[in-house]
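Written below as structure tokens is the structure these notes are about.
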Amino acid sequence: MMKNIIWVSLILFASFAQSADFQKGIDAADKGDFKTAYKEWFPLAERGDANAQYNIGTIYANGLAVPQDYKQALLWSRKAAEQGHADAQYYLGLIYNNGQGVLQDNKQAAKWYHKAAEQGHAGGQYYLGLLYNRGRGVLQDDKQAAKWYRKAAEQGHAKAQYSMGERYALGKTVPRDDKQATYWYRKAAKQGHLDAQYNMGLIYHNGQGVPQYYKQAALWYSKAAKQGHPDAQYNLGLIYANGLGIPQDFKQAAKWYRKAAEQGHLDAQYKLGSIYANGDNGFKDYKQAAQWYHKAAEQGHADAQYNLGLIYHNGLGVLQDYKQAGQWHRKAAKQGHAGAQYNMGMIYDYGQGVLQGYKQAAEWYRKAAEQKHANAQYYLGLIYANGHGVRQDYKQAYMWLNLAKYNGEKTKNIFDLIIPKMTSKEINEAQKLSKICLDSHYENCA
């Protein structure tokens, strides 16, 4: 469930019926003097005072003036919990949930969360909801999860509010309702909940349940970004790069892309590389571009692999290296990147860093051509016209040149060379093939 150790805040209780000694402990704790607080509370705890027992448990849990000792924390918290102390019951739930001083036991966690939850403890309600949501220590039950989340959310528990927002956004045990999702996300976001702030940014960015409002999106992304949320940092970078609701500012875009990129954000690494490659922030730096493209490329980003291939091919910020260029283009091409597939065709066509191979060139040109890549269609037409790596076929040549022309490639000079070698019947058939290929969205181009 929660892998990190929960740092339990010291909650101090002082009713009118409590002794002066208990109050002395509170006064000492307020000053950070936990040694005195412990001295005042321990005798009371031994005499059965639930609040003193809970506070002693908390002192042991946090190692305040005593060595941190989860077993002692468990012992004293249990004594208070068995007397009905809601915070102690909640803390026992955390102890069993996280295996602090005991074996992790979700059933015991659920038991103690439930006791606290029934007394109205918001934390107990939320974590009980979480156990029902995940089916840990209890039978999985979305309705029970929603019930306890709502109770905690209505008490202002930020995580529960976020969970309610998720439920309305996904329509999970409640009708899908973007407005209700926004209502709960906003409440959590205003309390500093990181993912809720990011989701509020998305809501305004995409206009989900609210009018699209980029300025508000930027505001919420900024809040989450400053807390280190990588997706928020990336999206804030996008907003600055595109000038959405705020003045376009590539320096700010680069700043936020970098923060996300340094956390391993794939698209941010690619975008940061592109800013350096294009000189969007006032200067080109191919060395930096290559560095960030490489990081994204190694994570499998096809556009980054393609651009890194271009950088090696042209020797921009790196030593020119056709072999490296080919390796990165191949990686992108295998992911279906049309530009990389076309470049692989060129690499084999001209033998750049590989043995010249017209057959391989034709295979890669075709892959790109079937994705409407006009240059690839043009060169595939040439391959068929010349019979390089394929059987010479003027109808196929005409078809691909015709499609290249349709997609904006200049082909007049080549047509002038092959049309005289074709009969009227062959030209008509090639034109029909062109139409069949186009109408089939390039799925039937035999």
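Observations
- Placing unit charges on the Cβ atoms only, positive for Lys and Arg and negative for Asp and Glu, gives the chain a dipole magnitude near 540 debye about its Cα centre.
- Phi-derived couplings, Karplus 6.51 cos²θ - 1.76 cosθ + 1.60 at θ = phi - 60°, listed residue by residue for the stretch 233-243: 4, 4, 5, 5, x, 4, 5, 5, 5, 9, x Hz, with x used for Gly and Pro.
- Which of TYR322, SER274, TYR162, positive extreme of dipole for the chain (C-beta unit charges): TYR322
- Cα-centre dipole for the stretch 163-243 with unit charges at Cβ (Lys and Arg positive, Asp and Glu negative), debye to 20: 240
- Peptides 298-307, 52-61, 406-415 ranked from most to least packed give 52-61, 298-307, 406-415, packing being the mean of other C-beta atoms within 10 angstrom over each peptide's residues.
- Cα shape, the stretch 290-361, gyration tensor, a/c 1.5 rule: oblate
- Between GLN197, THR182, ALA152, the Cα set farthest toward the positive side of the dipole of the stretch 137-202 (charges on each charged residue's Cβ, about the Cα centre) is that of ALA152.
- Carbon + sulfur, % of accessible area of the chain - ligands and nucleic acids excluded, 1.4 Å: 48
- Oblate is the label for the stretch 83-147. Its Cα gyration tensor axes, ordered a ≥ b ≥ c, give a/c of at least 1.5 and b/c at or above a/b.
- The value of relative contact order for the stretch 317-367, using C-alpha pairs under 8 Å at least six residues apart, is 30 percent.
- Cross-linked pairs LYS39/LYS115; LYS255/LYS295; LYS215/LYS295; LYS395/LYS421; LYS215/LYS271: Cα-Cα separations exceed 19 Å for LYS39/LYS115; LYS215/LYS295; LYS215/LYS271.
- Global geometry of the stretch 312-428, whether rounded, prolate or oblate, following the gyration tensor of its Cα atoms and the 1.5 cut on a/c: prolate
- Report summary: the helix-based calculation at 222 nm, which adds -39500 (n - 2.57) for every DSSP H run with n ≥ 4 and divides by the residues of the chain, gives -21500 deg cm²/dmol.
- Proportion of all alpha-carbon pairs of the chain beyond 30 Å (%): 65
- ASN314-PHE283 pseudo-label distance in nm [points 7 Å out on the Cα-to-Cβ vector]: 2.0
- With a simple spin-label model that places each label point 7 Å from the Cα along the Cα-to-Cβ direction, the separation between LYS179 and ASN242 comes to 2.7 nm.
- The stretch between TYR406 and GLN212 holds 66.1 nm of extra length on full extension. This uses 0.36 nm per residue minus the Cα-Cα distance.
- The distance from the alpha carbon centre of the stretch 337-407 to that of the stretch 53-120 is 70 Å, rounded to a whole number.
- Each of ASP21 and GLU262 was given a label point 7 Å from its Cα along the Cα-to-Cβ line. The distance between the two points is 5.3 nm.
- Test item: Cα-centred dipole of the stretch 398-446, Lys/Arg +1 and Asp/Glu -1 on Cβ, debye: 160
- In sequence order, the stretch 277-292 has phi-based couplings of 5, 8, x, 5, 9, x, 7, 8, 9, 5, 5, 5, 4, 4, 4, 6 Hz under the Karplus curve 6.51 cos²θ - 1.76 cosθ + 1.60, θ = phi - 60°, and Gly or Pro positions carry x.
- Between helix 20-30 and the chain: long-axis angle, C-alpha atoms, 0 to 90°, nearest 10: 30
- Between the listed residues ASN242, GLY25, ALA88, the Cα displaced farthest toward the positive end of the dipole of the chain, a dipole computed from Cβ unit charges relative to the Cα centre, is found at ASN242.
- Note that the stretch 338-446 presents 53 Å² accessible area per residue, ligands and nucleic acids not counted, probe 1.4 Å.
- Mean sequence separation of contacting Cα pairs (under 8 Å, at least six apart), scaled by the length of the stretch 67-115, corresponds to a relative contact order of 32 percent.
- Computed over the chain: relative contact order in percent, which uses C-alpha pairs under 8 Å that are six or more apart: 5
The values are calculated or read from the model by the stated rules, or taken from the named source; none is laboratory data. As the structure is a computational prediction, the values presented were derived from the model and not from experiment. Reconstructed Cβ throughout: ideal geometry from the backbone, glycine too, with neighbour counts over all protein chains shown. Note: accessible area is taken over every heavy atom of the protein model, side chains too, but ligands, DNA and RNA are not part of it. Shrake-Rupley method; radii C 1.70, N 1.55, O 1.52, S 1.80 Å.
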